[in-house]
Amino acid sequence: MTNSEFLVKLQDELEEENTLTLDTKFKELEGYDSMSILSIIVFIDENFNKKLNTQQFKDISTIQELKELIGLDNFED
Amino acid sequence: MSNPFSLENKTIIITGATGGIGKSCANECAKMGAKVILIGRNIQKLQEIEKEINSEKCLIFPFDITNFDELENVVQEVVGRFGKISGFIHAAGKEVVLPIKNTKTPIIEDLLKLNTLAGFEIARLLTLKKFRDEKMCSFVFISSVMGSLGEPGHLAYCISKGAVNTGVKAMALELAKSNIRVNSVSPAIIQTEMSENLFQNIPEESKIEILKRHPLGIGNPEDVALACVYLLSDTSKYITGIDLIVDGGYSAL
């Protein structure tokens, strides 16, 4: 998956109106709450076949860091 | 003095017997003198529990109870081997934590099958005279405080347990004349593998919030199992159609 595809899909998953970038911080998103983490976990499982748990989200704040958690080898760029 | 909670001469089927609460129910019922028939999917875990219990009083039956079409054969076989049934605990259950938008119908159906429908199907079979002790019979469904209270991320689980709570009442009314009592027991968070998985899969702030809502702290499986023993014993002969809440004060808040 490319970065831009990832960002568009994630934006869609989180139902965000504003365009996401790798520097976007989760906590700055308008509708972000504890349920959003569960939603992202399902999204990553479905798209990358990778199971994350909520504990792993304690130490990340940006989408770039989420990308690293997923594994950079899953991205084409 | 006789023990008011004695389960001597009773034969009790327990589903979900390898889970935290189911296993504890198996142990406590056996301690009270019951013969127990333990149903679960994992044969190794069933064998371990069988070792803990006097084997003469324990029959293990590895089976996936969501194979509804086979349940009558299973009940027939256990009755053939252990005699007519006087008690039933439906402790099989699982939980998923998902936002509403991810809780699609197949996820709800999956939980309903195990948490709800399998229990009612076994109970339905046990209403048949050929399978039950006609003097007195008691069915206990392990429900949850989430059967009557909401919790974010638990839509499917709440649906499955809410259906248990009302199904129990419908059964209780229809079966009273047949000397069958039907009740549910509703724990909040109990220290089990399932609750540990839950805590792994919910955000930290939700975990802290949940813990704060248990004035007596997190419960042990025995707290639930002993409530089941009470409902299975003749001491509770005047009690049917209730939801016995065992939640350390969770729902009093």
Original post:
Is any residue of the range A:26-41 close enough, with backbone N under 12 Å, to a label point placed 7 angstrom from the Cα of B:K212 along the Cα-Cβ axis, and if so, which?
Top reply: none
Subject >> Whole-Hz ³J(HN,Hα) from phi, Karplus 6.51 cos²θ - 1.76 cosθ + 1.60, for the range B:162-174, glycine and proline x >> reply: x, 5, 4, 4, 7, x, 4, 5, 4, 5, 4, 5, 6
Original post:
For the protein assembly as shown, what proportion of DSSP beta bridges, expressed in % and rounded to the nearest 5, is antiparallel?
Top reply: 5 percent
Subject >> Mean-position separation - Cα centroids, the range B:194-253 and the range B:1-18, in angstrom >> reply: 20 Å
Subject >> Most mobile listed residue (B:G87, B:G16, B:G150) in chain B, GNM with C-alpha springs under 10 Å >> reply: B:G150
**OP:** Calculate the dipole size of chain B relative to its Cα centre from +1 charges on Lys and Arg beta carbons and -1 charges on Asp and Glu beta carbons; express the result in debye to the nearest 20.
**Re:** 640 debye
Original post:
Of B:N42, B:N165, B:N102, which has the largest mean-square fluctuation in a 10 Å C-alpha GNM of chain B?
Top reply: B:N102
**OP:** May I ask which of B:K31/B:K135; B:K31/B:K161; B:K169/B:K237; A:K9/B:K207 have a Cα-Cα span longer than 24 Å here?
**Re:** B:K31/B:K161; A:K9/B:K207
Original post:
With the Cα gyration tensor of chain A giving a ≥ b ≥ c as the square roots of its eigenvalues, does the rule (a/c under 1.5 for rounded; else a/b larger than b/c for prolate; else oblate) give rounded, prolate or oblate?
Top reply: rounded
**OP:** Between A:N47 and B:D69, with labels modelled 7 Å along Cα→Cβ, what's the label distance in nm to one decimal, could you check?
**Re:** 4.0 nm
Original post:
Could you give the nm distance between label points at A:N74 and A:T19, where each point is 7 Å from its Cα heading toward the beta carbon?
Top reply: 2.4 nm
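Since every read-out is calculated from the coordinates, none of them should be taken as a lab result. Since we're looking at a predicted model, the values are computed, not measured. Because the Cβ atoms are built from the backbone with ideal geometry, glycine has one as well, and the counts that use them run over all protein chains shown.
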